[in-house]
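Written out below as structure tokens is the structure these notes cover.
Derivation of every value follows stated rules applied to the coordinates shown; laboratory data play no part. The model shown is predicted, which means the values in this text are computed figures rather than measured ones. Virtual Cβ from ideal backbone geometry, glycine too; neighbours counted across all protein chains shown.
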Amino acid sequence: MRKWKIGLYSHPDAIVEAPDYVKRLADAGVDLFIVRTGYGSSYNDSLEKAVQIIRALRVQICLLAGAFWGGKVIPLEHPPDKSNEIKWPMDMPGSVADAKIVSHIQRICERYTPESVCLTHARFRHPALIDDIFNECCQDLEYLARMEAAGVAGADVSSGRADFEHALEVSDEKTLLKISEKGLIHFLGELSQNDIFERFFSYRCRAVTDSLRQFSKAAKAFEGVTFGINAYSPTGAMVCGQNYNDYDDICDYLHPLLGYMEWHRFEPIAAWGRYLCLHVRLDETTAIEIAKRLFFLGDTVCPNRFAELDTCGEGGDQSVLSIVHAELKLCEEYAAKPYQIMPIIRGKSWSRSVIDRLIDAIGQSPFNAFVFQGPDYLLPIPRSIKWDW
């Protein structure tokens, strides 16, 4: 039987509330607990006790630290573009936030001596936030000045958007279906006939990579500590500022997030499908098909009505299976990298048969490890415990 390395995302409060359950999880095969530590501060007593509980089990501890966004929530009753990620304000990579993140990494490594540090949200917000894609959400004047000094002026991005939208209005369905096959960045550039988008997304990736290099150095200054990130799936990583090819000398592992069908897959597809319909006369089925292709998901099963995309949650079994299989194939393109790939799959919200089949698929891949979000697949959660993720 193949020996897996199985990780599990965890909250310190849940670990402290249910140490016997945590021990049973370790007995069930979890040998890496990835424990939240917050954004710029730790959970103090709760985290201290959680670390002690895990240490006693003789399994590995990875401490999860927040990066550029995801802390304080903006109180919006209903995000205008249906993007869940608009709820969080974002600090730009390269801003004063970098020093705070470095300080947090140093503090948790010194105090808790983990085997590893993992960053979450070390990226720009996801592609459902379309104005963010066109750089219209950034209020950081220093970041905008650095971007302009690098030859990527905000005005040029706005001009490129105007060129793109004009080209959309005079394009036909057949052309859009063909151009969309190479992904969103190519789609924007090809239609606008403007290289600003390639330069813009490349700059965003460099900005994130430069910050990650600092964070990695801070973690690895502590003996034996490894460093990595949970990453957006390859379907949209470059759009979010994460270039897997940049991390050879920065990360020891990547956790590509293959869960979150609702937020990371269906929201961007719905948002871009609707956006296309604003500028081109398309039926919604065709608009959704084009949007799927923008994220390299053209051959997958997906709801073909906006109302279904908005309400299907994590989707049906066939959607989950086809999309995660496609994403695993994309991840395999990085299998020869010096860092370890540990795909993240849901341990809850999906049916047991789906999870069984996805574990089998990972077993046929080059990867020898994966991470669960949610422990339900391994052991039913006691009703008294709220296991975040």
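Odds and ends about this structure:
- Ellipticity estimate at 222 nm from DSSP helix runs (n ≥ 4, -39,500 (n - 2.57)) divided over the chain, nearest 500: -13500 deg cm²/dmol
- Calculated FRET efficiency, Asp317 to Asp27, Cβ-Cβ distance, R0 = 22 Å: about 0.15 to the nearest 0.05.
- Candidate values (i) 57, 46, 43; (ii) 65, 47, 44; (iii) 83, 49, 42, label of the one derived for Cα extents along the principal axes in Å: (ii)
- For the options Ala307, Ala14, Ala26, a Gaussian network treatment of the chain with springs between C-alpha atoms closer than 10 Å singles out Ala307 as fluctuating the most.
- For the chain: relative contact order, % (alpha-carbon pairs under 8 angstrom, 6 or more apart): 18 percent
- With semi-axes defined as the square roots of five times the eigenvalues of the C-alpha gyration tensor, the equivalent ellipsoid of segment 338-381 measures 20, 12, 7 Å, largest first.
- Theoretical gain in end-to-end length, Gln106 to Asp360 [0.36 nm per residue, Cα-Cα removed]: 87.6 nm
- The stretch between Leu141 and Asp20 holds 38.5 nm of extra length on full extension. This uses 0.36 nm per residue minus the Cα-Cα distance.
- Here the 3J(HN,Hα) profile of segment 189-194, calculated from phi with Karplus coefficients 6.51, -1.76 and 1.60 at θ = phi - 60°, is x, 5, 6, 7, 6, 9 Hz, Gly and Pro shown as x.
- As a calculated quantity, the FRET efficiency between Thr175 and Ile385 at R0 = 56 Å, using C-beta atoms, amounts to about 0.60.
- Net length gained if the chain between His166 and Asp131 were fully extended (0.36 nm per residue, minus Cα distance): 10.9 nm
- Nonlocal amide H pairs with Leu254, under 5 Å, H built at 1.01 Å: Gln340, Ile341, Met342
- Modelled FRET efficiency - R0 51 Å, Ala221 with Lys182, Cβ distances, 0.05 increments: 0.80
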